[in-house]
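The values are calculated or read from the model by the stated rules, or taken from the named source; none is laboratory data. Since the structure is predicted, the reported quantities are computational estimates derived from the model, not experimental observations. Please note: Cβ atoms are built from the backbone with ideal geometry, for glycine as well, and neighbour counts cover all protein chains shown. These accessible areas exclude ligands, DNA and RNA; they are computed on the full protein's heavy atoms, side chains included. Shrake-Rupley method; radii C 1.70, N 1.55, O 1.52, S 1.80 Å.
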Amino acid sequence: MSGLAAQATTLAAVPGGDAVPRHVAIIMDGNGRWAKARHLPRFAGHKAGVEAVRRVTRAARALGIEALTLYAFSSENWRRPEAEIGDLMGLLRLFICSDIDEMVRENVRLRVIGDHGRFAPDLVKLVDDAVARTARNSGPLLVIALNYGAQTELAAVARRLAEEAQAGQLDPATIDCDLIERRLDTDGLPPLDLLIRTSGEQRLSNFLLWQAAYAELLFVETLWPDFDAAALAAAVAAFGQRQRRYGGL
Ligand code: FPP
């Protein structure tokens, strides 16, 4: 069954539409504005953003969300000043060091999408070790997008399929949506049900462009550092009211 057909049968069948999304993704935006409003350096906004990550991952587990994907560092974020990039890397380092034991204990599976191999070698190792430590867990998935860009992800899939076809290992006639989905970074994750962006901006910013094909989109005014369990619960409730038709009637 295609990913879309599977999604349609798991959720559209729920009467009354009070379904909990299986897979929620968040574009965590507004850290800088949160800090600016308090006359604080941008770093303070990102630091408060990590607290929100902690709150929201716990809340997602409590709500029974199977997978939570967070856009922590986009492939375009390299355009930020070097000092801010360093701050974000430092916060990621701290987050993994301080939260990995809880993830192991709580049966969370940590996964990464994107090309984090471009990060500093010690951070690459830290991330890979953390992913490996939780790999045998069977509980909810926490997926962190690191140096992720959807267009790059799709270009890499196209390149690999072309190489395989050229080497005679793949019949181009067999390339379909299912095959492409299996080559995406998100292979094996539940279909994306709900994509939230905080801070009032209404853009996808190169995040999960393929996966969002039939996701419900929710743009909220809350700045990411203020996003909490109640805000996630409200987003899930709003999702429950949406009618998903997948192109049908
Ligand atoms: C957008 O706010 C946020 C980011 C570019 C980074 C998100 C990172 C974190 C929340 C912290 C690290 C994450 C983890 C998983 C440990 P912005 O700076 O663009 O805000 P602005 O638009 O108000 O300036």
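Out of the residues in segment 29-59 that are without any contact (Cβ under 8 Å) to a residue 12 or more places away in the chain, in contact with a helix residue (DSSP H, G or I) (Cβ under 8 Å, 6 or more places away or on another chain) and not in a helix (DSSP H, G or I), state the one that is nearest to E102 (Cα to Cα). Across segment 29-59, the extreme among qualifying residues is P41.
Before we move on, is L217 open to solvent by 30 Å² or more (accessible area, probe 1.4 Å), within 30 Å of G32 (Cα to Cα), assigned to a strand (DSSP E or B) and touching a Leu at 6+ places or on another chain (Cβ under 8 Å)?
Here the answer is yes, as L217 does meet what is asked.
Screening L208, L184 for residues that are over 16 Å from G30 (Cβ atoms), within 16 Å of the ligand (Cβ to nearest atom) and aliphatic (A, V, I, L, M) leaves exactly one candidate, L208. Exactly one residue among L63, L142, L154 is among the hydrophobic types (A, V, I, L, M, F, W, C), within 16 Å of the ligand (Cβ to nearest atom) and modelled with pLDDT of 95 or more, and that residue is L142. Scanning segment 111-163 for residues that are in contact with a Pro (Cβ under 9 Å, 6 or more places away or on another chain) and more than 27 Å from R61 (Cβ to Cβ) returns L161, A162. Of the residues making up segment 73-87, just one is aromatic (F, W, Y) and either more than 9 Å from the ligand (Cβ to nearest atom) or surrounded by fewer than 11 Cβ atoms within 10 Å (Cβ to Cβ) (or both), namely W78.
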